[in-house]
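Read the structure below first, then the notes.
Throughout, read-outs are computed from the coordinates displayed, never taken from laboratory work. Remember, predicted model here, so these are calculated numbers, not experimental data. Using ideal geometry, Cβ is built from the backbone for each residue, glycine included, and neighbour counts are taken over all protein chains shown.
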Amino acid sequence: MRRLAGLLVVPLLLLSTAACGDDKASDSASSKGDPAITAGAKFGEKPTLAKGEGAPPKELKTDVISEGDGVKLKNGDAIQVNYLGQAWDSTKPFDNSFDRGQPFDLTLGAGMVIQGWDKGLVGQKVGSRVELVIPPELGYGEQGQGEDIKPNATLVFVVDVVKATQIPASAKGTEVAQDNIDLPKVGTKTDGKAPSLTIPKSDPPKKLVSNYVLESDGAVVKETDSVVVNYVGLLWKDSKPFDSTYQTGKTQTFPLAQVTLKGLKNGLVGKKVGSRVLLVIPPDQGFGDKAQQTVPANSTLVFAVDLLAKM
């Protein structure tokens, strides 16, 4: 089953992961030659980075510029960061979130970003500013990324850790009756495993369905939120699975403002954090008349979504 997550949201640079590697982060001590922050040194300010001096380090390095007093980050946390990135041998940033005015959301350790981020940010405290120096094998490797990141480039990032949220294993809440025989039935177990999803033999509805399966008492999701979810997705026709976060054991973080699948966004806005939701998405709010990977054109999509957190 091929993941469709990249088709659900507007892709950002850091959502493209690179080659695997086994290098481990070094201690958070400054080293001579690492690019200096020449302006905007304080947490929250857009930094300016100097060019690296000499040959770049061959291992991942994490330098704590200023340490926050928040909790330490661990794999599985949903985090928000601001960042600026540039190549070791350049003075021109290739990407930054400061200009967009919107922190970047990710689930740490979920493979949503290059490995240098997943490895280098673990153990850092919320409120910290860190500088990451990332070798090619933990960045974009031999292929590079677009015109701005050359093959085998060493990357330098200044990262502000803005927020972190611990993610529960499952949705929990009051079971809501599923008494419409013409709609799919979703399992209510809360063991962290994929819930069952049974689709009837009847024709699919022509309008979006967004129903609670388990209703929590959490905060209501707004269109401006980012949400952390687990989900399983099936085609109405033949009940064929096409996507599932449970296959990888890693949650997915969606900034709702960037979600391109209209029915997914509309179906989650207004729902309560901590709940499990059934979504039935007709073609006009799904992928429409265009096939996408294993999803045929004009498909009705069925999701069971655990809405685990919002950022």
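Only Lys, Arg, Asp and Glu carry charge here, each on its Cβ (+1 for the first two, -1 for the last two); on that basis the chain has a dipole of about 700 debye about its Cα centre. Over all Cα atoms in the range 164-223, the spread is summed up by Rg and Dmax: 13.8, 43 Å. Mean residue ellipticity at 222 nm, helices only, the chain: -1500 deg cm²/dmol; runs of at least 4 DSSP H residues each add -39,500 (n - 2.57), and the sum is divided by the number of residues. Kirkwood radius, the chain, all distinct C-alpha pairs, inverse of mean reciprocal distance: 20.6 Å.
Summing Lys and Arg as +1 and Asp and Glu as -1 over all other residues whose Cβ lies under 13 Å from the Cβ of residue 286 gives a net charge of +3.
Dipole orientation for the chain: of the candidates 152, 115, 187, 187 has the Cα lying most toward the positive pole (charges on Cβ; Lys, Arg +1; Asp, Glu -1).
Across the range 37-104, the relative contact order, built from alpha-carbon pairs under 8 Å that are at least six residues apart, equals 28 percent.
Stretching residue 89 away from residue 166 to a fully extended chain increases their span by 24.0 nm, per 0.36 nm per residue minus the current alpha-carbon distance. Taking Lys and Arg as +1 and Asp and Glu as -1, the other residues whose beta-carbon sits under 15 Å from that of residue 225 total +4. Here the contact order of the chain, divided by its residue count and restricted to Cα pairs under 8 Å and six or more residues apart, works out to 18 percent. Under the classification rounded if a/c is under 1.5, otherwise prolate if a/b is larger than b/c and oblate if not, where does the range 54-209 fall, given a ≥ b ≥ c as square roots of the Cα gyration tensor eigenvalues? Note, shape of the range 54-209 comes out prolate. Extension gain for residue 74 to residue 202 (0.36 nm times residue separation, less C-alpha to C-alpha distance): 41.6 nm. For the range 201-311, the pair-distance distribution built from all alpha carbon pairs, in bins 5 Å wide starting at 0, is 2, 13, 23, 26, 21, 11, 4, 0 percent. The residues packed around residue 266, meaning those with a beta-carbon under 12 Å from its beta-carbon, carry a net charge of +2 if Lys and Arg are +1 and Asp and Glu are -1.
Computing Rg and the Kirkwood Rh from the Cα coordinates of the range 124-165 gives a ratio, Rg/Rh, of 1.12. Can you give the log10 of the normalised intensity I(q)/I(0) at q = 0.17, 0.21 Å⁻¹, computed with Debye over equal Cα scatterers of the range 47-113? Scattering profile of the range 47-113, log10 relative to I(0): -0.86, -1.21.
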